[in-house]
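One structure is given here, and the rest of the page talks about it.
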Amino acid sequence: MKASRMGQWLSVLICVLLLLKAEGVPVGITFVENAVAKGAVCLDGSPPAYHFHKGSGAGINNWIVHFEGGGWCNNVTSCLSRRDTRLGSSKKMDTQLSFSGFFSNSKKFNPDFYDWNRIKVRYCDGSSFTGDVEAVDPATNLHFRGARVFAAVVDDLLAKGMKNAQNAIISGCSAGGLAAILNCDRFKSLLPGTTKVKCLADAGYFINVKDVSGAQRIEEFYSQVVQTHGSAKNLPASCTSRLRPGLCFFPQNVVSQISTPIFFVNAAYDSWQIKNIVAPGAADPHGTWRECKLDIKNCSPNQLSVMQVFRTDFLRAFGSVGNSPSKGHFIDGCYAHCQTGTQETWLRNDSPVLGGTTIAKAVGDWYYDRKPFKQIDCAYPCNPTCHNRIFDQN
């Protein structure tokens, strides 16, 4: 009896441990203290930070450098509201983050990258790591130094072994996905010429469209971000030589000129873009979009038709990527945002698939040149494997 009970307990324990492994491994924070002297700091002047899980075995010289997301601040008021939060100060960041999905150290859950060095760079500048303004107003103590943070973090990682990298990926989610696009070629230029470098942008392909009230709100917002943070000089010159700097924050105006191989993971009904670009609160004063934005199943036929137009606009803007064999994409027909960093959408038995292929397999095949992957899903609600986001009421 005791033996069988012990066996049951062991089974439960093994199940719990497997679940924990699937859900992620906790990784502690590293502060880049020496960056402060270079002026490479968060909005509040605190040092930048990242979480680093070391590689092992055959992956010891392979590196994933992933940039966290979290929107942007476009003026002093909005940057002040971030300054004393985790998005503006490393003093306010959690000291541990869970690594799962693309960052998992389990061969089962991340077969192509589990043994790589995996780094999550925290986001505390509000400019997708593009800003650089020398002056600091003593009244606000706001530092606009995102581009310096990018350079200081990469320097620190080079010194910690990335200078010997055989393989390296710069990646990011949301505002960090945009950072991976805007800094793709720059990242490659900072690594040894012998390193195989590729870029991965998850939910970073923000498009320039009008909102439901007809206002060109996101275009104006991005122009203000670029102006406030002094980002123009750090945006791709191939774009700023042709267009106003604010327009060079949109991937559709930049991607055709990226020479480093790059892969895009994006939902065609990106939930952040629907909520904040298509139907932001300012364009929806009566809250008619509120329930729809929380759960796509709540959307009216009219709202769904607006979202189908967004998908058409998204795919048109995505056409700028072109047909280069070095580029790849996984564009699913889901209501989602950021799909590489969570196990359920990266690789699980019920993960989203396109043509029977998971995001993990698509990215791995593309990175290792096993086979190209360029697939765009059919329109909602045709893909039963989607994990459509459902948001809390608050």
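General remarks:
- THR95 paired with GLU33, simple spin-label distance in nm, labels 7 Å along Cα-to-beta-carbon: 1.5
- Net charge in the neighbourhood of SER259 (other residues with Cβ under 12 Å of its Cβ; Lys, Arg +1, Asp, Glu -1) is +3.
- With each label modelled as a point 7 angstrom along the Cα→C-beta vector, the VAL309-ASP137 pair spans 3.7 nm.
- For the chain, calculated [θ]222 nm from helices alone, where every DSSP H run of n ≥ 4 adds -39500 (n - 2.57): -8500 deg cm²/dmol
- Cα-based reach from LYS210 at 21 Å (exclusive), listing lysines while leaving out same-chain residues under 8 positions away: LYS275, LYS293
- Note that the chain presents 42 Å² accessible area per residue, ligands and nucleic acids not counted, probe 1.4 Å.
- Trypsin sites (Lys or Arg not before Pro) restricted to region 20-72 and DSSP loop, no more than 16 other C-beta within 10 Å: LYS54
- Region 274-323, accessible surface, carbon-and-sulfur percent (1.4 angstrom probe): 52
- The residues packed around LYS275, meaning those with a beta-carbon under 14 Å from its beta-carbon, carry a net charge of -2 if Lys and Arg are +1 and Asp and Glu are -1.
- Under 11 Å, Cβ to Cβ, from GLU219 - net charge with Lys/Arg +1 and Asp/Glu -1: +1
- The calculated FRET efficiency for GLU220 paired with GLN393, based on their beta-carbon distance and R0 = 41 Å, is about 0.90.
- Three semi-axes of the equivalent ellipsoid, region 262-394, Cα gyration tensor, whole Å, largest first: 28, 16, 12
- Membrane-span-like helices in the chain (whole DSSP H runs, Cα extent of at least 30 Å along the helix axis, mean Kyte-Doolittle hydropathy of at least 1.6): none found.
- Estimated Rh, region 24-376: Kirkwood, alpha-carbon pairs, angstrom: 20.4
- Using C-alpha pairs below 8 Å separated by at least 6 residues, the relative contact order for the chain is 15 percent.
The values are calculated or read from the model by the stated rules, or taken from the named source; none is laboratory data. None of the values given here were measured: they were computed from a predicted structure. All Cβ positions, even for glycine, are placed from backbone atoms using ideal geometry, and neighbour counts span all protein chains on display. Just so you know, the surface numbers come from the protein's heavy atoms only, side chains and all, with ligands and any DNA or RNA stripped out. Shrake-Rupley method; radii C 1.70, N 1.55, O 1.52, S 1.80 Å.
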